[in-house]
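Comments concern the structure below.
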Amino acid sequence: MGYFKMANSPVKDVSLGDALKISLDNYYDLLITQVGTLKADEKLQLKLVADPVSVSDKKFADGGYPWFSYYNLLRRSDLSIVPKPVSGGVMTGVAGLSDVYGEFLQKLRSFVVRKNLSKEDQIALADLDKKVEFSKKSAVSLIIEDRTNWKEFAEAMGYSVTDQSAYVQWSGQFGNLYRIETEIANVKVHQFEIKTILDRQYPNADDRQIVDAEFDFNNPAMRLRYPINPDTDYANGDKFTIEYLATLPTGNTAGFDDRRAVGWNLTAAEIKTTTAGGFAQGVSFDKSTSSSSSITTDWGASGSASYGLISVKASVSDHKRIQEEFSKTTKITLFAESAFRLSINYPAWFKPVLFEHRHIKENPYDFEKYFGEDGTLLYYPTGLILVRGFGVEFLSAQNWMYDYRHRFSASGGGGFGFAGINFGAAANYSEDTKQHQTDQQTTTLSFKDDIGTMRFVGYAVTKNRVFEKAVSTHVTKTLQVNKFSPTEARAKPGKRGQKT
């Protein structure tokens, strides 16, 4: 029973002996090699919490939940990327890519408005933008309140939380249904008024391109209502199709999340069965493996921070014993049934081509918030990096004596992590995530996911360089205009006591 005390133990890094130079960089190198589809302008961002991803390819009648699977992938695709090589947490960030991009479009639109619209229209647009933002925030606040209260009421009264009909009746009588509908309607009205003001002829075609991009962004046809629980939890889950989810009432409810849609280059069945990038026979690292600094090389100064490769959830005394044993490790072998890139296919609401627009090049400092060093759009996701059936095996110069098999078993709560993959108990959806296996045989120690367990281990991201290029151009022009040359200044110093 003592094994369950580990739940309250802190997580600590475990270092390897001097004989092994393997680090998170080597794992990073391996993934890039196996995925093999990163483009010249793309990078790999690792996740320090490689959470399981539930993907079902079965039909509803067979207990499947395809649309909830798409929602799981969507939530990871629609995120603003933190400009760091390794990101912690189950999600990369709180901000949605779509939200940040929408804010960026408004900023970009301001240059069009300033040049082409009357003062009266500019004031009207600014007022409408504020009204849209207010109504959106009000609706979100009301929805969160509704979901919280509905869940408590449904559980107390024996209703299913996903029962849409029961929720609508409850929210109409006791909740915020009509206030939510009013705020959503206000957003639509104000966006139509904005469109009316902006929908005109523009002298420059690229200005019209910005306006059209915002029209596409706000187009209701770009959105779907995704189930926030497995399809099988809904009484009408067998009816879920693109058409059905698109025609549900707009706005978030207790059972559905209203989101801008994205697609992917693989079907659910292909995601679950592909062996692309797999190394089922194992890839080993030993004393002959060279140390790597590829994360720093790829990401520059932001990649210089040190990240642990191995972590354990253990008491201070247990950690000391574990650390002593791992210092005798002579080889590490990694396994995976597949390691592949799931490319994100963005519909018309997202247009990265606008990141190179002339208004940004001509006014880079106005867009520093988005494309500067810590910019919210400096990187954007182009693919999810998924690994299925991951495993790691350690070979030691002596027998493993600590009882890893029981202490870090799934039934014991897990607690062993390698490169962000935390081996723990089974997830809620047994179709995709089963208990990991811990094996301990004399000098060999291994942790392995079930071959069907899918992990989200990182992103393929594209960096936007428009800001740094534009700033460089502006600085160069400024120095030339002022006829200032640091080289000449050093080469021709003034006489002593003379101003230079």
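The values are calculated or read from the model by the stated rules, or taken from the named source; none is laboratory data. In this text the structure is predicted, and so the values were computed from the model without any measurement. Neighbour counts run over all protein chains shown; Cβ positions are idealised from the backbone, glycine included. Heavy atoms of the whole protein, side chains included, go into the accessibility calculation; ligands, DNA and RNA do not. Shrake-Rupley method; radii C 1.70, N 1.55, O 1.52, S 1.80 Å.
At-a-glance table
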read-out: R0 of 45 Å, Cβ-Cβ distance D366-M401: FRET efficiency to nearest 0.05; value: 0.15
read-out: Karplus 3J(HN,Hα) series, Hz, for region 355-372 with 6.51 cos²θ - 1.76 cosθ + 1.60 (x for Gly, Pro); value: 5, 9, 5, 4, 5, 6, 5, 7, 9, x, 5, 6, 10, 4, 4, 9, 10, x
read-out: Label-point separation in nm, V283 to R321, each point 7 Å along Cα→Cβ; value: 3.4 nm
read-out: Overall Cα dimensions of region 49-136 - principal axes, largest extent first, Å; value: 59, 37, 21
read-out: Ratio Rg/Rh [Cα only; Rh per Kirkwood] for region 53-204; value: 1.07
read-out: Cα-based reach from K287 at 12 Å (exclusive), listing aspartates and glutamates while leaving out same-chain residues under 8 positions away; value: D18
read-out: Full-extension gain in nm, V49 to A156, via 0.36 nm per residue minus C-alpha separation; value: 35.1 nm
read-out: Fraction of accessible area attributable to carbon and sulfur, the chain (%, probe 1.4 Å); value: 52 percent
read-out: Computed label-point distance, nm, for sites S290 and T247 using a 7 Å Cα→Cβ extension; value: 6.2 nm
read-out: Mean accessible surface per residue for region 76-157, computed with a 1.4 Å probe while every protein chain stays in place, in Å²; value: 50 Å²
read-out: For region 157-303, the spread of Cα positions along each principal axis, largest first, Å; value: 69, 60, 29
read-out: Residue-averaged 222 nm ellipticity for the chain, from DSSP H runs of 4+ at -39500 (n - 2.57), nearest 500; value: -12000 deg cm²/dmol
read-out: Two-decimal Rg to Rh for the chain - Kirkwood Rh, Cα set; value: 1.04
read-out: Rounded Å value of the spacing that divides the Cα centres of region 281-355 and region 263-279; value: 21 Å
read-out: Counting DSSP beta bridges with both ends in the chain, the antiparallel % (nearest 5); value: 95 percent
read-out: Efficiency of FRET from Cβ geometry, D29 and S343, R₀ 22 Å, rounded to 0.05; value: 0.55
read-out: Peptides ranked, highest mean first, by Cβ atoms within 10 Å: ranges 51-61, 378-388, 394-404, 237-247; value: 378-388, 51-61, 394-404, 237-247
read-out: N252 long-range amide H proximity, modeled H, under 5 Å; value: D258
read-out: Selection from A314, L384, P352 lying farthest towards where the dipole of region 302-407 points positive, charges on Cβ; value: A314
read-out: Loop-resident sites, region 162-234, for chymotrypsin sites (Phe, Trp or Tyr not before Pro), counting at most 11 other Cβ within 10 Å (DSSP); value: none
read-out: Estimated distance in nm for a label pair at D257 and V475, the labels positioned 7 Å out from Cα along Cα-to-Cβ; value: 4.0 nm
read-out: For W264, distant residues with modelled amide H under 5 Å away; value: N345
read-out: Per-residue ³J(HN,Hα) for region 179-192, Karplus 6.51 cos²θ - 1.76 cosθ + 1.60, θ = phi - 60°, Hz, x for Gly and Pro; value: 5, 5, 4, 5, 5, 5, 5, 4, 4, 4, 4, 5, 5, 5
read-out: Cα-only Debye scattering, region 4-55: base-10 log of I(q)/I(0) at q = 0.13, 0.14 Å⁻¹; value: -0.57, -0.64
read-out: Where the Cα pairs of region 171-222 fall when distances are cut into 5 Å bins, in %; value: 5, 17, 19, 18, 13, 10, 7, 5, 3, 2, 0
read-out: Sites T196 and V353 - FRET efficiency at Förster radius 30 Å, r taken between beta-carbons, to 0.05; value: 0.70
read-out: Region 306-356 - Rg over Rh from alpha carbon coordinates, Kirkwood radius; value: 1.31
read-out: In order through region 233-246: 3J(HN,Hα) via Karplus (6.51 cos²θ - 1.76 cosθ + 1.60), integer Hz, x for Gly, Pro; value: 7, 9, 4, 10, x, 6, 8, 5, 9, 4, 5, 5, 5, 6
